[in-house]
Structure formats: structure tokens, C-alpha cells
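The structure appears below as C-alpha cells.
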Amino acid sequence: MTQPYHDRRRIATLCLVGALLLYIVSTWYQARFPALEYVSAFAEAAMIGGIADWFAVTALFRHPLGLKIPHTAIIPRNRARLGRSLSGFIRENFLSEAYVRDSVRRFDVAGALVSWLSRPERRAMVAERLTQAMSTSLAAVRQSAARDFLTRTLRHHLGRINTSRLMGSALNVLAAEGRHQVLLDDSLARLSRWLEVEDNQERVKTFITGTVFKLFNPRVMGREISMHRLAGWMINERVVEQSARLISEVSEDPDHPLRHHLDRQFAAFIKRVRQDPAFARRLDRLRDDILDNDRLSDYVTGVWEELMDWLAQDLEASDSQSRAWLEHFIEYYARTLEQDAPARAWLNEQAVTLLPALVERNGPRIDAYIQRYLDSLDSDEIVAQIEKNVGNDLQFIRINGTLVGGLIGLVIHVLTQLVMAL
């Protein structure tokens, strides 16, 4: 309980005690000083007002003087009903979808985020908190029990993947709206530029002559004739140059026959992936072979452990690269968001779309949480919390009751005297 509350309660009590003393003194000397009857009337009414308000205020929280008078200790006795009423009031007035949507629409979420992240110390704080969260999560995941559980779970779910369906769906996404043609254009353009370089043409020629024509050196009159030079000329003039020309033509002509041929082959391959049981079984066997390969598993585990070791050390370091990267990313994100009005508008639209629905969907959970919290509190705790927050105003009620009651009593006494005089 705060000190101002105690001070005001003491003042209210002193006002009541003062009214009592004033009543005793004025009544005692009233025979000698008749005018004190007005003071006595004031003091008597002030005592009545002060005691009535003390009783009312006390009855909210406890039984006055420990007497279990009906309709006292109202808050502790009706704790459950008050909790339900409070949680229902909050849910209906502050957690309704319409109210939240209107509030979010009036509140510039993106602008507030940019403003908050504009200060370097806040960006550093966010990066530090993220680093701590990553370090804690990493320590938990690296425990042997957690690691074994995650490994078993991952193996189990990977082993249940329908590889042919997954591959077919991925290829369908790639083929949708000609996206594979975009990939083909980029690949052909790069290959065409690569083959335009004379050094690269020489590499291709050397590779083919050195591997294909090495075995074909005929003998004429007992002497071996090398085919390297002739093959090199044929490859350079016929194969390499023609291939480069063909690649360039396909890259520049979106309606080239070879493109249509590749489209048909790609569609046929997708159909085979999705419908051929034998191909699906081969994909499943390949998946199982990879999962059951101990050497590959050990290699992946080793690489993973090395990566985790480095990351754990970096997160704990005072000059952590991860923390510096996070801080730089946050700064870049805030600066970009500040300069990009469409991005801010999109973020605000997403907030208006997502937050009200999220609050509405979780309203019953919030309601239940408030009720559980209030039910878990002891009656004395509830009384202490309410008195802490509204106790000052309640003590002013007592003070005002004493003073106003005294004034009203004085007015009534004066009016009574006037009426009797008439």
C-alpha cells in the first residue's frame, strides 16, 4: 500500500475524531455559550456523515469492526462474479473485432515501428534480445535428448514423404505460367555468353578431343596417325560453333521449335513423375538409401555440429558477428521501410487484416485467463490491489462525507430554528 493512501486515511480518521471532540466540547459548554448549539449541530451531523461513509467504504472490502453484517465485505464475497463481469466487459468493449480494427486502422503501425527503430540503442537492444533468444534455443536444441528426439522425428517424417508427389508438385509450380522458360532463358543466355569466349571454346575442344578421339588413332602403312588435329578442327568448326549458334538462336527466339520440344519433354517428365509407379518406387528407394546411409548421416551430423559450435561461440562473443549482422539488418529494414511508402501501407493493411481477427479468435482465451488469474488471487490480495488503486479517492469520500455532513446538519439546524421562530 502506498504512503499517500495511509496519509489520506489518517486525515479522514482525524476528521472524524475532530468532529467527535468538537461535539463533546460544544455540548459541554453549550449552557454557558448558547451559540455553541450551532457548532454542536455541525459536529453531530459531521460525525454521522463520517461514520456512515466509513461504514460504506469499509463494507466494500471487509466486515466493519469484524461484524458479519449482511451486504458487507462486498468485493471478497463477490470475487467470482466480479471477475466474470470484468473479463466480459474487457472482452466486449476492448477485444471486439470492430473496436480493435478501428483502433489499428487509426494507429500507424508501420510509422510507429520506424519511429521506434530510429534510435540506435533500440536497434542494439532488439539485436541483443534476438541473440540471447538464439543462444538459449541453441543450448536447448544441442542437448543430447533434444537432439536425438529431433533426429528421430526428422527421419520419421522424411521417411513418410511421398517423393513423387512432392517432386511432381514442385515441377508443376516451376512449369506454371512458363516459369521454367524463364529459367531456360537465363541458363541459355549464360551458356551462350560462355561459349562466345575463345578460351572456353578451346577448353571444350580440348576436352572432347582428349576423351573421345584419343582411342581413334588409325595406322597407315604401320604408322599411327593422330586424329587430334583433324578432330579439333572438326569440333571447333562444326560442333562448338554450331552449338553456340543454336543456343543463341533458342535464347533469342521465344517461339523456337526446340523450346516447344523441351516443353513437351518437360510435361511428359512431370506426368511420369506423378503417375509412373515404378518411377515413384525408385524415388522412394533413393530417399530411403539417403536416410539409411550412415556415412552420409555422420558427415551431415559432423558439419551440423561444427556449425553449431561456431554459432554458439559467436553468440557468446562480445564482438559477435551474428549480433552485428542482426543490428545491421534491423537498421537496413527500418531505413528501407521509412523510404518505401507502399511497403508501409502494405504493413498497415496486414495489421488491420490480421490483428483484429487474431484478437477476436483469442478473446475467449483472454477472458478465461483473466478469470483464472482473479480466481487464483487471495481475497486479501484483491482487496489490497483495489485499495492501492482507488483507496485515495475512497478516503476523500470519507473526508467529504464528514465535512459535507456537518454543513448539511448545520443548515438543517438553522432552518429548524427559523421555522420555530415563525
When (1) within 28 Å of the chain's Cα centre (by Cα); (2) surrounded by 12 or more Cβ atoms within 10 Å (Cβ to Cβ) are applied to ILE399, the one that fails is (1)
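Based on this model, can you work out whether ILE24 counts as surrounded by fewer than 16 Cβ atoms within 10 Å (Cβ to Cβ) and assigned to a helix (DSSP H, G or I)? Lay out the reasoning, then the answer.
Working: surrounded by fewer than 16 Cβ atoms within 10 Å (Cβ to Cβ): yes; assigned to a helix (DSSP H, G or I): yes.
So ILE24 fits the description; yes.
Residues of segment 309-322 being surrounded by 15 or more Cβ atoms within 10 Å (Cβ to Cβ) and in a helix (DSSP H, G or I), which ones?
Passing the criteria: LEU311, ALA312, ASP314, LEU315, SER322.
Does segment 239-268 hold any residues that are under 30 Å from THR163 (Cα atoms) and surrounded by fewer than 16 Cβ atoms within 10 Å (Cβ to Cβ), and which are they? Give the derivation first.
Kept after step one, since they are under 30 Å from THR163 (Cα atoms), are these residues of segment 239-268: 258-268.
Within segment 239-268, LEU258, HIS260, HIS261, LEU262, ASP263, ARG264, GLN265, ALA267, ALA268 qualify.
Give me a count of the residues in segment 98-109 that are basic (Lys, Arg), farther than 17 Å from ASN362 by Cα and in contact (Cβ under 8 Å) with a residue 12 or more places away in the chain.
Filtering segment 98-109 down to residues basic (Lys, Arg) leaves 101, 105-106.
After this cut, where a residue has to be farther than 17 Å from ASN362 by Cα as well, the list is 105-106.
From what is left, the residues that are in contact (Cβ under 8 Å) with a residue 12 or more places away in the chain are 105.
Residues in segment 98-109 being basic (Lys, Arg), farther than 17 Å from ASN362 by Cα and in contact (Cβ under 8 Å) with a residue 12 or more places away in the chain: 1 in total.
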Condition met for ARG119 (farther than 27 Å from GLN275 by Cβ and not polar (S, T, N, Q)) | yes
Consider only pairs whose beta carbons are under 8 Å apart and that are at least six residues apart or on different chains; among these, list those whose first residue lies in segment 395-411 and is over 25 Å from LEU60 (Cα atoms) and whose second residue is of a type in the set (Phe, Trp, Tyr).
-> LEU407/PHE42; GLY409/PHE42; LEU410/TYR38; LEU410/PHE42
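Residue-wise test of (1) in a loop (DSSP other than H, G, I, E, B); (2) within 30 Å of THR72 (Cβ to Cβ); (3) touching a helix residue (DSSP H, G or I) at 6+ places or on another chain (Cβ under 6 Å).
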{"residue": "ALA324", "(1), (2), (3)": "no, no, no"}
{"residue": "TYR332", "(1), (2), (3)": "no, no, no"}
{"residue": "ARG335", "(1), (2), (3)": "no, no, no"}
{"residue": "VAL352", "(1), (2), (3)": "no, no, yes"}
{"residue": "ASP367", "(1), (2), (3)": "no, yes, yes"}
{"residue": "GLN385", "(1), (2), (3)": "no, yes, no"}
{"residue": "GLY406", "(1), (2), (3)": "no, yes, yes"}
Give the residue, chosen from LYS271, LYS214, that is modelled with pLDDT under 75, of a type outside the set (Gly, Ala, Ser), in the same structural domain as MET167 (by TED's automatic domain parsing) and surrounded by fewer than 15 Cβ atoms within 10 Å (Cβ to Cβ).
-> LYS214
Taking segment 76-97 on its own, how many of its residues are surrounded by fewer than 14 Cβ atoms within 10 Å (Cβ to Cβ), in contact (Cβ under 8 Å) with a residue 40 or more places away in the chain and over 26 Å from THR58 (Cβ atoms)?
-> 1
Output yes when any residue across segment 283-298 is over 16 Å from ARG155 (Cβ atoms), surrounded by 12 or more Cβ atoms within 10 Å (Cβ to Cβ), within 27 Å of the chain's Cα centre (by Cα) and of a type outside the set (Gly, Ala, Ser), and no when none is.
-> no
Restrict the check to segment 107-119 and report whether at least one residue is farther than 30 Å from PRO356 by Cβ, in contact with a helix residue (DSSP H, G or I) (Cβ under 9 Å, 6 or more places away or on another chain) and surrounded by 15 or more Cβ atoms within 10 Å (Cβ to Cβ).
-> no
Only one residue in ALA19, ALA41, ALA12, ALA46 is buried (at least 16 other Cβ atoms within 10 Å of the Cβ), in contact with a His (Cβ under 8 Å, 6 or more places away or on another chain) and in a helix (DSSP H, G or I), so which one is that?
-> ALA41
What residue, among those in segment 130-187 that are in contact (Cβ under 8 Å) with a residue 60 or more places away in the chain and charged (D, E, K, R), is nearest to ALA278 (Cα to Cα)?
-> ARG165
Pair list, Cβ < 7 Å and 6+ apart or interchain, from segment 337-348 residues that are closer than 18 Å to ARG105 by Cα to residues that are not in a loop (DSSP other than H, G, I, E, B) | ALA343/LEU337; ARG344/ALA110; ARG344/GLY111; ARG344/LEU337; LEU347/VAL109; LEU347/ALA110; ASN348/VAL109; ASN348/ALA110
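The values are calculated or read from the model by the stated rules, or taken from the named source; none is laboratory data. Quick caveat: nothing in here was measured; it's all calculated off a predicted structure. When we count neighbours, we look across all protein chains shown, and the Cβ atoms used for this are built from the backbone with ideal geometry, even at glycine.
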